[in-house]
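Input: a single structure, listed below in structure tokens.
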Amino acid sequence: AQRVTQPEKLLSVFKGAPVELKCNYSYSGSPELFWYVQYSRQRLQLLLRHISRESIKGFTADLNKGETSFHLKKPFAQEEDSAMYYCALSQASGSRLTFGEGTQLTVNP
Amino acid sequence: NAGVTQTPKFRVLKTGQSMTLLCAQDMNHEYMYWYRQDPGMGLRLIHYSVGEGTTAKGEVPDGYNVSRLKKQNFLLGLESAAPSQTSVYFCASRSGTSGNYEQYFGPGTRLTVT
């Protein structure tokens, strides 16, 4: 069975500090991984996906198959990055996403 | 385009009452999903649909039923609400195009069962 784990429920950093949100997964096939973000009182939206290898709002994430991880990183956090972040994994068929428990990031001034 | 919309935005039910949540999308998406969001548990899939007239169970389907009579609509029903169903419910949809797995989410429905 596939599983996504985000070990930190809460993460607090100061503005300008680096931030890393951890995501580990278990899946027997070839995974597709995503990060979704939910700003306060807004709907979830896709932040980035591993296959596109792009940087969105300064965030990057690298799939490490050896460590089965897909950590989200940003070198200099901004206050507007404060939000709930979810890591998600897609089955090979793409019909379903499995979400992690979420990490609430707070960036303090 | 409105994207994914949900009706209602808020609802309070008494234990044992029934209700239907409506999700609508105007993107001609094949796939539609219902999730519930609870603190510390992330999003859990309740039911989903891979096309008009089809439905399938997700991780936590008990106590819920769904219907997809029209491609653009996906209804979630609670026949006899329980306090454990107090949650925020999100609907999502995505294209059926192979390799395009991005899901688009609605604004959520906050349900309280007393």
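The values are calculated or read from the model by the stated rules, or taken from the named source; none is laboratory data. Nothing here was measured: the structure is a model prediction, and the numbers come from that model. With ideal geometry, Cβ positions are generated from the backbone for all residues, glycine too; neighbour counts draw on all protein chains shown. These accessible areas exclude ligands, DNA and RNA; they are computed on the full protein's heavy atoms, side chains included. Shrake-Rupley method; radii C 1.70, N 1.55, O 1.52, S 1.80 Å.
Below is a table of values for the structure above.
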| quantity | calculated |
| --- | --- |
| Unmet criterion (only one of (1) over 24 Å from B:Val60 (Cβ atoms); (2) touching a residue at least 12 places away in the same chain (Cβ under 8 Å); (3) open to solvent by 70 Å² or more (accessible area, probe 1.4 Å)) for A:Lys9 | (1) |
| In the range B:76-105, the residues that are within 11 Å of the chain's Cα centre (by Cα) and surrounded by fewer than 18 Cβ atoms within 10 Å (Cβ to Cβ) | B:Gly77, B:Val88 |
| Test set (1) crowded, with 20+ Cβ neighbours inside 10 Å; (2) in contact (Cβ under 8 Å) with a residue 60 or more places away in the chain - A:Phe70 fails condition number | (2) |
| Neighbours by Cβ (under 6 Å, 6+ apart or cross-chain): first from the range B:17-35, away from every other protein chain (no Cβ under 12 Å); second among the charged types (D, E, K, R) | B:Ser18/B:Glu79; B:His29/B:Arg94 |
| Any hit, the range B:47-59, residues being of a type in the set (Gly, Ala, Ser), open to solvent by 10 Å² or more (accessible area, probe 1.4 Å), closer than 23 Å to A:Glu101 by Cβ and at pLDDT 95 or above | no |
| Residue match in the range A:93-103 (condition: away from chain B (no Cβ under 14 Å) and free of Cβ contacts under 8 Å to residues at least 12 places away in the same chain) | no |
| Filter result (surrounded by 20 or more Cβ atoms within 10 Å (Cβ to Cβ) and under 10 Å from the mean Cα position of the chain (by Cα)) within the range A:74-98 | A:Tyr85, A:Tyr86, A:Cys87, A:Ala88 |
| Pair list, Cβ under 7 Å, 6 or more apart: the range B:41-66 residue touching a residue at least 12 places away in the same chain (Cβ under 8 Å) and within 12 Å of another protein chain (Cβ to nearest Cβ), other residue in a strand (DSSP E or B) and open to solvent by 60 Å² or more (accessible area, probe 1.4 Å) | B:His47/B:Lys57 |
| Per-region count, the range A:12-30, residues open to solvent by less than 40 Å² (accessible area, probe 1.4 Å) and either closer than 13 Å to A:Met84 by Cβ or touching a Ser or Thr at 6+ places or on another chain (Cβ under 7 Å) (or both) | 3 |
| Selection count, the range A:79-109, where residues are within 27 Å of B:Ser93 (Cβ to Cβ) and touching a helix residue (DSSP H, G or I) at 6+ places or on another chain (Cβ under 9 Å) | 1 |
| Test: residue in the range A:34-43 that is open to solvent by less than 80 Å² (accessible area, probe 1.4 Å), more than 14 Å from chain B (Cβ to nearest Cβ), of a type in the set (Ser, Thr, Tyr) and in a loop (DSSP other than H, G, I, E, B) | no |
| 3 or more residues among the aromatic types (Phe, Trp, Tyr) and under 19 Å from A:Arg43 (Cα atoms): qualifying strands (runs of 3 or more DSSP E) within the range B:2-114 | B:31-38 |
